[in-house]
1. Can you check what the net charge comes to around THR383, using other residues whose Cβ is under 15 Å from the Cβ of THR383 (Lys, Arg +1; Asp, Glu -1)?
2. Taking amide hydrogens as modeled 1.01 Å from N in the peptide plane, which residues meet the under 5 Å criterion relative to THR357, leaving out close sequence neighbours?
3. Once Rh for the stretch 63-107 is found with the Kirkwood sum over Cα pairs, what is the Stokes-Einstein diffusion coefficient at 10 °C and 1.306 mPa s, in µm²/s?
4. Per residue of the stretch 368-383, in order, report the coupling 6.51 cos²θ - 1.76 cosθ + 1.60 (Karplus, θ = phi - 60°) as ³J(HN,Hα) in whole Hz, putting x for Gly and Pro.
5. Mean 1/r over all different Cα pairs, inverted: what Kirkwood radius does the stretch 159-215 give, in Å?
6. Normalise the Cα radius of gyration of the stretch 182-294 by 2.2 N^0.38 Å (N = residues in it) and let me know the number.
7. Stick to the Cα atoms of the stretch 286-399, pair each with every other, and give me the Kirkwood hydrodynamic radius in Å at one decimal.
8. Which distance in Å, rounded to a whole number, links the C-alpha centroids of the stretch 267-332 and the stretch 76-103?
Amino acid sequence: MNNALKESGKPLFFKVADPAGIGFSPPASRRGHSVRLAVRALGGMQKEALVASSVAGAAWRLASDEGAYLAGLDEAPCPLAFLTTGMVASYMNEIRALAKQRAIALRHIRLVQDNYYTMKGSALKGTMIGGAKDVELEAQIDSDADADTLRALVCDAVSASPLNGLMRGVKSSLFTLTHNGRALAPARVAPLAGSALPDPGDRFDPAKPASGDWSSIVTRHGMSPQLEHSTTSAGDSLKDEQDRLLHLRGIGTLRRDGITHVEEHQYNPRGSIFHFLSEEGAAGGGQGRAPDAASYISAGIGFCFMTQFGRFAKIAKKELREYRILQDTHFSLGGASGGTARSGEADAVETHVYLDTGEDDVFARDILDMAEQTCFLHAFCRTDLKARVRISRQTAAAA
């Protein structure tokens, strides 16, 4: 199998130089913060993305792969790691901003977040469906404030996160479908009004790194610890029949330079540990030295959706030559970090799908339906979820 990410000659992750020059920019903002994501498949389970944030004022090139469980090469993080990273970074932003507003001194904070997903049913029978479960969040804090004050701080910050708009309530994602250059009406997924946006396939190759060293944005650090429920069987996730629980953990800390560091563990199916860096742009009080939280969140959704196309085509033994998406997400500004003093809000995810296949239109509609049905993160959006918060004490010295 070719390792396209390694052989491209580009860094896996970098800030894009002159994104306007390659015609890639975020959509007009509806709620205060808009993010545009373009993703293309590179072969196997490898994917690359361009993501542009209206608030961060920058565009980034990101990359994703899968481990042996999906016959991937483990060259880059799995899709679900991006959402967990974005959530942890967003919660860190809101906790810090809200603590400042409430004059609560935080000497140290460490966030430990566990995300759980399910996959059940048969792909070939059309009964397979992905699910998302409530989030578990532990905030380890060194502060003189009492436990009730800290719990209120973290719970209010979780609500203030823009992600709250996708996590709470039920939001059915919207789609257009283009098959071999022709527009098709989707079958079961909810249609997005209007015509499909232009195929973003010609935006990727012209994207070049801005000046700087981008090697530390995302780095791999060996295998995740083995837990009782961890599995490592090669190709397990490509089986037609599934009944399994997925588990990822993100551990977030704030570096002295203001950048959020998130250590990602993939427990089930067992995969590599990846370290991510995240920082907001100038409008969010940062310097934009790493991707912002909303960009990671949007990338996670798009990468996960794309994985389901490749997975279903392999299981069904169908010809899927090329596939790409263009995805728009619209968030409110943070309730604390953006000064809205409100819970975070979001519109339904909007995705334009472009398929090049040797199959008929029936297959094109079927694979779109199955990709949405089995995508863990579209399930995250269409499920009313809560973050179960726990507060504990930890000094910076102990950490």
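1. Details: positive: LYS120, LYS133, ARG168, LYS171, ARG382, LYS386, ARG388; negative: ASP134, GLU372, ASP384.
Spelling it out: positives minus negatives among the neighbours equals +4.
2. ASN180, ARG321
3. Working: Rh = 12.7 Å.
It diffuses with D of about 125 µm²/s by this estimate.
4. Using θ = phi - 60°, the values come out as 5, 4, 6, 5, 5, 5, 9, 6, 4, 8, 6, 5, 4, 6, 8, 10 Hz.
5. On the way: mean 1/r = 0.0649 Å⁻¹.
Taking every pair of different Cα atoms in the stretch 159-215, averaging 1/r and inverting gives 15.4 Å.
6. Working it through for the stretch 182-294, the quotient is 1.48.
7. Details: mean 1/r = 0.0585 Å⁻¹.
It works out to 17.1 Å.
8. If you average the Cα positions of each part, the centres end up 16 Å apart.
We did not get these values from a lab; they are worked out from the coordinates using the rules stated. As the structure is a prediction and not an experimental result, all values here were calculated from the model. Virtual Cβ from ideal backbone geometry, glycine too; neighbours counted across all protein chains shown.
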